[in-house]
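Following: one structure in structure tokens, then a few remarks.
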Amino acid sequence: MGVIALILILAACGNSGIANPLNYEVSDFSYTDQNGESLSLKDLEGKVWIADMIFTQCDTVCPPMSAHMAKLQQMVKDEGLDVEFVSFSVDPEVDTPEMLKEYAEGYSDDLSNWHLLTGYSLEEITKFAKDSFAAIVAKPEGQDQVMHVINFYLVDQNGTVLKDYDGVSNTPYEEIIEDIKKIQ
């Protein structure tokens, strides 16, 4: 009986070692980063990445999310892990590559593995967020703020979202790093 229980526990973890993985498949994309360069799902193939959704004019959750992302980026670097960071703008009609670059430079001196993306419509990112991350993005008419999720997402080398974490408060840095190590 113990062997069967162990097999069931291991099966629940899947091949990733992550318990109860979300297993969302990220939709194919090719968007523009803060340097005006294209970044696609294909470019991230074979890499572990952390994703979130932010926008430059956000006056509530995005500043702490970006600060936490920058801290996580530094911690990952200090651990010697090879991870990409991807922030999708949820206000792409306002957020130009130049605005995203200036925004990101306020949080990190090293943007070599942090890609802030734009170059799509609000409708596209709304559908992409729902399809890829089971996340809601909505910009109420006449408003300059966008409602969006506050999660960081762990994405594996195959473009599968395995887990999400709070990106605003009590961000579990050590847990995220341990989970990255499980799948690298």
Which residues, taken from the range 45-78, are outside any helix (DSSP H, G or I), closer than 23 Å to SER16 by Cβ and open to solvent by 50 Å² or more (accessible area, probe 1.4 Å)?
-> GLU45, GLY46, LYS47
Among (1) closer than 19 Å to ASP166 by Cβ; (2) touching an Asp or Glu at 6+ places or on another chain (Cβ under 9 Å); (3) open to solvent by less than 30 Å² (accessible area, probe 1.4 Å), where does HIS115 come up short?
-> (1)
Out of the residues in the range 99-109 that are more than 19 Å from ILE150 (Cα to Cα) and without any contact (Cβ under 8 Å) to a residue 60 or more places away in the chain, which is surrounded by the fewest Cβ atoms within 10 Å (Cβ to Cβ)?
-> ASP109
Does any residue of the range 122-136 turn out to be surrounded by fewer than 21 Cβ atoms within 10 Å (Cβ to Cβ), of a type in the set (Lys, Arg) and in contact with a helix residue (DSSP H, G or I) (Cβ under 8 Å, 6 or more places away or on another chain)?
-> no
Identify, from the list ASP144, ASP95, ASP164, ASP91, the residue that is open to solvent by 40 Å² or more (accessible area, probe 1.4 Å) and not in a strand (DSSP E or B).
-> ASP144
Cβ pairs under 8 Å, 6+ apart, first in the range 133-153 and touching a residue at least 40 places away in the same chain (Cβ under 8 Å), second of a type in the set (S, T, N, Q) | PHE133/ASN151; ALA135/ASN151; VAL137/THR126; LYS139/GLN145; ASP144/GLN57; GLN145/GLN57; GLN145/THR60; PHE152/THR171
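The values are calculated or read from the model by the stated rules, or taken from the named source; none is laboratory data. All values derive from a computational prediction rather than experimental measurement. Here Cβ is always computed from backbone atoms with ideal geometry, including for glycine, and neighbour counts include all displayed protein chains. We work out accessible area using only protein heavy atoms, side chains counted, and drop any ligands, DNA or RNA first. Shrake-Rupley method; radii C 1.70, N 1.55, O 1.52, S 1.80 Å.
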